[in-house]
1. Examine region 26-33 for a residue that is farther than 26 Å from MET366 by Cβ, surrounded by fewer than 18 Cβ atoms within 10 Å (Cβ to Cβ), in contact with a strand residue (DSSP E or B) (Cβ under 8 Å, 6 or more places away or on another chain) and basic (Lys, Arg), and state whether such a residue exists.
2. Does region 166-187 contain any residue that is touching a Gly at 6+ places or on another chain (Cβ under 6 Å) and open to solvent by less than 10 Å² (accessible area, probe 1.4 Å)?
3. Of all residues in region 783-807, how many are within 15 Å of ILE824 (Cα to Cα) and in a strand (DSSP E or B)?
4. Condition (residue is within 20 Å of ARG561 (Cα to Cα) and β-branched (Val, Ile, Thr)) applied to region 480-498: is it met by at least one residue?
5. Can you pull out every residue in region 594-647 that is within 30 Å of GLU558 (Cβ to Cβ), assigned to a loop (DSSP other than H, G, I, E, B) and open to solvent by 10 Å² or more (accessible area, probe 1.4 Å)?
6. Give me the residue from region 337-350 that is of a type in the set (A, V, I, L, M, F, W, C) and buried (at least 24 other Cβ atoms within 10 Å of the Cβ) and, out of that set, farthest from CYS564 (Cα to Cα).
7. Conditions: (1) touching a Pro at 6+ places or on another chain (Cβ under 6 Å); (2) surrounded by fewer than 15 Cβ atoms within 10 Å (Cβ to Cβ). SER127 meets all but one. Number of the miss?
8. Determine whether region 667-679 contains at least one residue that is under 21 Å from LEU462 (Cα atoms) and open to solvent by less than 40 Å² (accessible area, probe 1.4 Å).
Amino acid sequence: MTANNLQSQSLSPRIRFGLGRLGPQSKRVHIQHSSGTVNSYSIRLDTEGRIHVAAPDDTGILYACIDLAQRFERGEILPADFNISRSPTFTLRGPAIGMQKTFILPGRKVYEYPYRPDLFPWFYDRSYWSTYLDSLLKNRFNALFLWAGHPFASLVKLPDYPYAQEVDDETFAKNVEMFHHITAECDRRGIWFVQNFYNILLPEGFAKHHGCDTQLAAPTPEAADYTRKSLAAFVKQYPNVGLMVCLGEALQTLDLQKNWCTDVILAGIKDGMAQAGLTDEPPVVIRTHATNARVIMPAALGVYKNLYTEAKYNGESLTTHEPRGVRQALHRDMSALGSTHLINVHILANLEPFRYGAVRFIKKCMQAARERFGASGLHLYPLAFWSWPDAPDSTSPPLKQTERDWIWFEAWARYAWDPYIDDAEDHAYWIDRLTTVFGTKEAAEHILDALNDAGECAPRILRRYGITEGNRQTMSLGMTLDQLVNPARAKPFPELWESQSPPGERLQEYVERELSGRPHEGETPPQINEEVLRFAAIAVDAIDRAEKHVTKHRAEYERIRNDCRCIEAMSQNYVAKVRAAEYVLRYSHTRQVADLEAALIHLRASLQHFRTLEALTRTTYDFANTMQTSQRRVPVPGGFDGQPANYHWSQLLPIYETELREFEKRVELLQQGHLETDDESAIERLPKKSVRLLSPGVELFEANVGARIWHDRPEKIESIAPELAGLNGIRVNSTTGSEIIEVEAPEPMNILVGYVQSADSQWLRVPDLETDAPAAEFVDVEPVIENAVAIRGLPPVHVHVWRAPAGRSTLDLRTRGGFMILGITSQSAEIKRRDAKRGQSVPSPGTPGEG
Ligand code: SER
């Protein structure tokens, strides 16, 4: 192909689009297809001044045109010997956009959002797409992932299921039109558009019609037929759109997931291919989340070849460029399958809501993705996923994440293309970019330093002290003293420190080693404390130095400066509180009041730092995190009934103030010589309530000493916490078969369920919110009474709260295993969280699994 036929109709829309960007210069360009890596390209100048572009695919040619256009825009004159070749290290590179909100729709569940203009106005805005997709092209992203729970009911019509359509006809027509528009606009920019969906999720109309839930743990024949037909219709209607499959979180067991994947999803896609006359299999990405991909993939590959895989990089946070352990093994196994394996930089639960521009850290992460994981693709979340496209800053109008977080997107894209760019060249690049934004090279140097150093704090804090890398924890809101002292009570997720962190010691282990004189290994709390304080202080110093050199975008500079201060206050808050926790842990060994007095000093300091953080964020941020509902558990639960709560530092401050007051009281009593005892004489029984049992084979019983707990086993209660003694329990079978219990409650009730603390599969496990977010709607994963009953021959039993609304409801355990129901009480009764010390105390079993 030569310049002579550039205007020819045979040029693909993608090449025409690229040449269009070159303006009149395009007349001098000769284009040739060549061999090489996907999306690679070369450009050279010949002796007559003609530009020769060669690439193996249209996208490579497009990138070459963009490369040239950027050079011409900068006023660059190509030297006579100009001859460059570029080739991406990661072949698939794309951001994700959530069709998700910070709240849950009334009557609906997590992830369930129909595509509607009132919920997602930006989705219907063509100029938004044009600008956004251009920004992706500039960063050479070649994929875009649209995340939703169940998109099909907004995008396809099924003659057999007219009641499944979730939007009115006008909206439906708009959705179809927009989907075609976005796909075509993506294609012009070399972007593969991919639709994500969870399983088994069903439309509201379908669920009502068939009298089932919208989220199923196990398939029904109708759900399977509906889903298969949805997939077929989707492939037929949007043959160029990819699919990304999340086999969980609702769908629970591996066998069911495997069959669902092969017999429903992939079979549906093949039906669609046949209906549309497609011979090439559309690419399908399988997430490793909430399933065991080592089992799923061989089965899926048995029926379908064009599969990609995707697994989270550091869970739902950014913690390390030295990932290891079971998570590394999973990535390596997926990469070894030989198809394209993507790392998913998922929700950034420890970075939000602040800007993150530590390009140094990001570069090392992409190197790790290559070297430690063998990955060949990047799937990147924005920093504020659930509030797309708006940023969390309190500005009017809201800042757009694409603009606020340009450096976040650009850095990941840059290193996905080449994680090994020479450091000096790389530094010069970022200085150039920041100079363009803030006006001077001096400002750029200081701002880059500040971003790099500030970005070292959050990864370290979470990986050493956090409960989980999952979005169940919002790190910038702090942690309670109890969570730092007794993380086991908050159901910690071991992958955080075993996979998503370099080797090192948790605080408890550190204190035990200190007290027993054993040597330390790996990262220690004092080391992390010193590092985060140092990095935070250097960052604040650097950002202050930039001030007098900033000549452009002053307001944004001030926001970055405020972020650096926030990160410093947050780091100081954590360090002080960790020190307080360290003394509390020492006290549990020494019983010296002096240890608690030392803890108090640090606890007061930590509150002071939190006050600073609250003052810095009061008018600058609307919220700390974008997942603001009950799925959020740490430091305190988000809102129930889908309504956001506890998402701002100002809402947390009173909680931390109360925490300090109570600790002061405790120390004061000890100083006055009051001994801490296990005296329970003042503890009153919780209000005794009842429900009507609608399921067969279950009955009420009075939970007292001597009471038998199960129908099918002889065990009796030998000792029970006084707040529970005499409440109405529900006698069930200990074996499988009673997973679903229907009740009718006169008012909202807390059902107090005993979980046997054993890893043995005969016992029910508390759900992992890391892989089962919907479970947060009905069960508290943190025990409310530890060691609540003693039962001979059984391990300890921790009581958790299940919530049953007024009226009829189903307690659906989703997974199998024995459990006991020890009480029913009103939701308005406060249950004091405590350890009742009955039975032998053991640490909570770990929570292996794949997040
Ligand atoms: N935890 C959920 C997932 O991984 C939502 O982020 O899909």
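The values are calculated or read from the model by the stated rules, or taken from the named source; none is laboratory data. Every value quoted in this text rests on a predicted model; they were computed, and no experiment measured them. Neighbour counts are summed over all protein chains in view; Cβ atoms, including those assigned to glycine, are modelled from backbone coordinates with ideal geometry. Surface accessibility is based on the protein's heavy atoms, side chains included, excluding ligands, DNA and RNA. Shrake-Rupley method; radii C 1.70, N 1.55, O 1.52, S 1.80 Å.
1. To start, the set of residues in region 26-33 that are farther than 26 Å from MET366 by Cβ comprises 26-33.
After this cut, where a residue has to be surrounded by fewer than 18 Cβ atoms within 10 Å (Cβ to Cβ) as well, the list is 27-28, 30, 32-33.
Now restrict to residues that are in contact with a strand residue (DSSP E or B) (Cβ under 8 Å, 6 or more places away or on another chain): 28, 30, 32-33.
Pick out the ones that are also basic (Lys, Arg) and you get 28.
Yes, some residue in region 26-33 is farther than 26 Å from MET366 by Cβ, surrounded by fewer than 18 Cβ atoms within 10 Å (Cβ to Cβ), in contact with a strand residue (DSSP E or B) (Cβ under 8 Å, 6 or more places away or on another chain) and basic (Lys, Arg).
2. Kept after step one, since they are touching a Gly at 6+ places or on another chain (Cβ under 6 Å), are these residues of region 166-187: none.
Taking every residue of region 166-187 in turn, none turns out to be touching a Gly at 6+ places or on another chain (Cβ under 6 Å) and open to solvent by less than 10 Å² (accessible area, probe 1.4 Å).
3. Taking region 783-807 as the starting set, the residues that turn out to be within 15 Å of ILE824 (Cα to Cα) are 784-785, 788, 799-807.
If we keep only those that are in a strand (DSSP E or B) too, we end up with 785, 788, 799-804, 807.
Within region 783-807, residues that are within 15 Å of ILE824 (Cα to Cα) and in a strand (DSSP E or B) number 9.
4. Among the residues of region 480-498, not one is within 20 Å of ARG561 (Cα to Cα) and β-branched (Val, Ile, Thr), which makes the answer no.
5. Our first condition is that a residue be within 30 Å of GLU558 (Cβ to Cβ); within region 594-647, this holds for 605-628, 632, 635, 638, 644-647.
Remaining after also requiring assigned to a loop (DSSP other than H, G, I, E, B): 618-620, 622-628, 632, 635, 638, 644-647.
Hits for region 594-647 are ARG618, THR619, THR620, ASP622, PHE623, MET627, PRO644, ALA645, ASN646, TYR647.
6. Step one: list which residues in region 337-350 are of a type in the set (A, V, I, L, M, F, W, C), which gives 337, 342-343, 345, 347-349.
Narrowing further to those that are buried (at least 24 other Cβ atoms within 10 Å of the Cβ): 342-343, 345, 347-349.
Values: LEU342: 31, ILE343: 28, VAL345: 23, ILE347: 21, LEU348: 17, ALA349: 18 Å.
Among those residues, the one meeting the criterion is LEU342.
7. (1)
8. Of the residues in region 667-679, the ones under 21 Å from LEU462 (Cα atoms) are none.
Scanning region 667-679, I find no residue that is under 21 Å from LEU462 (Cα atoms) and open to solvent by less than 40 Å² (accessible area, probe 1.4 Å), so the answer is no.
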